[in-house]
1. If you take every residue apart from ALA67 with its C-beta less than 11 Å away from the C-beta of ALA67, what net charge results, scoring Lys and Arg +1 and Asp and Glu -1?
2. Name the residue from ALA380, ALA51, HIS410 whose Cα lies farthest towards the positive end of the charge dipole of the chain, charges +1 on Cβ of Lys and Arg and -1 on Cβ of Asp and Glu.
3. Which of the peptides 429-435, 101-107, 390-396, 191-197 is most tightly packed, and how do the rest follow, going by the mean number of other Cβ atoms within 10 Å of each residue?
4. Which Rg and Dmax, in Å, describe the Cα atoms of region 34-167?
5. Taking the Cα centre of region 279-355 as the origin and placing charges on Cβ (Lys, Arg +1; Asp, Glu -1), which of THR297, THR308, LEU350 is farthest toward the positive end of the dipole?
6. Taking the number of other C-beta atoms within 10 Å as the exposure measure, put CYS378, CYS425, CYS150, CYS348 in order starting with the fewest.
7. Using packing as a proxy for protection, rank 412-420, 353-361, 52-60 so that the peptide with the highest average count of other Cβ atoms within 10 Å comes first.
8. Hey, fewest Cβ within 10 Å first, where do ARG234, ARG406, ARG138 land in order?
Amino acid sequence: MEAAGLAMLGLVIIGLIATGLPAFAVLIGVSVAFAALGVATGSLPFRLLTALPSRIAGLMETDLLQALPLYVLMGALLDRLPLADILFRAGAAALSHSGAAPLLSALGVGAMLAPMNGSVGASAATLSRVLQPRLAARGVPPGQSLSVVCVASTLGVVVPPSLVLILLGDTMLRAHTEAINATGIMARVINTQDVFRGALVPAGLFVFACAGLAWWTGREAAAREDTGERLGLRGWSVAIVAPLFILGLLGGVVAGYLYAVEAAATGALALAVSGVLTRTLRGDVLGVVLRETMAVTGALFALFVAATTFTLVFRAFGSDRLLAEAIAAMPGTATEIAVAVLGLIGLCALVLDAFEIILVIVPVVMPPVLIQVPDAVCMAVLTLLVLQTSFLVPPFGYGVMMVRNRIGQHVALRDLVSGLAPYLCAQLLVVIAVVALPQLTHVVGVDSERAAISRRLTPDEVRRQLESLSPISEPPD
């Protein structure tokens, strides 16, 4: 019954596409059905399933998850407060001598706010509402403006310290721990801070490439003044102080001076205080913000519980060993194995969002991959880059669909493809550069040799090592 887990995984993906049900409902339904089937056929001991409550309790005790509702709250506040609008108008005014000012300003707003929004969906909601009308008013073609908004909405996937990076860092810590235990080789286990620092250089390369493309594509456009009201002294003050504050928070987290929870709490408090002082956060608006925060947070925690249930049943069937043997038996070098698995993750990202990938796919495929592939930090960063690339693939990329749904404006597929093509090429070049030069993920952070598994194991060694472990302990009698 080792193949039952792989059947579970396939059924989950099909269920998500075919039914449109929430991910947690599909995961729970599939897990319960296969668990009942396993118990009924005798291939799954019932006592093993009683480990689920302790696994969920252990998950909820993770301090890092305290940042989750705070990031969601920041995203809801940003969607209701005028900060994004002020920053865009200030950036466009400061660069008004160039025809590319609207595009550059939109990317700058995305680079600053997307890491604070918490998710691609939240970024798409805020930036679509704010940037698209402003770009249209300045004469930016629909395909070009939609493409820039899509790119800006996905920058939070790779620019630390977003919620996506936090969750992936925690998941990679667990996967790397399992891989090190399986090999028995002494190595330093990576943590979320390592993923933050590893993503800095690739994220910076992509942001600078996007800025260069935005300038090149918009340089010949005629510079146009904003038709809206001018910012005034208060607006310019916000436009100057806010970026410094945001960069200070993000820099403090990446440098290790602040925990992600502390930075998220500080950012949420600052947004709330600014909303009260500017009278944009009234009682009715605050009620909407809190309801949205509770709803999204509840859905995410439900997804955590469902993913924990799924991985428990998956491993109880022994499908993790089957998958590890399959990866160990793959021909090619460690780099070729990594590219193959990343390609699979990229395909999954066309139908799943970032949280589903991180909580369902990564815990299943990454431990056996890290047994074969030496650099865990590089694999984490490549996973982020591949996710972002998939989110930008038209017309089915998650980021593209979210933005198109939000703006409610028809844009021809040809215009959308031509607008996104330069940014996708830049993204692929960054991915290729990281694959060819893994050192790019260690310019800031730990040495790759300190967080590496030094050699590739044979399939027989993988089986022996995995069988010697007990990733799911049976409860005592």
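1. My count for the surroundings of ALA67 gives -3.
2. Highest projection toward the positive end goes to HIS410.
3. Going from most to least packed, we get 101-107, 191-197, 390-396, 429-435.
4. Cα only, region 34-167: 21.5, 73 Å (Rg, Dmax).
5. The listed residue farthest towards the positive side: THR297.
6. Ordered from fewest to most neighbouring Cβ atoms within 10 Å, CYS378, CYS425, CYS150, CYS348 come out as CYS425, CYS348, CYS378, CYS150.
7. Averaged packing, sorted descending, gives the order 353-361, 412-420, 52-60.
8. Least to most surrounded, the residues fall as ARG234, ARG406, ARG138.
Read-outs: derived from the displayed coordinates by stated rules, not from any lab. This one's a predicted model, so the numbers in the text were calculated from it and none came from an experiment. Reconstructed Cβ throughout: ideal geometry from the backbone, glycine too, with neighbour counts over all protein chains shown.
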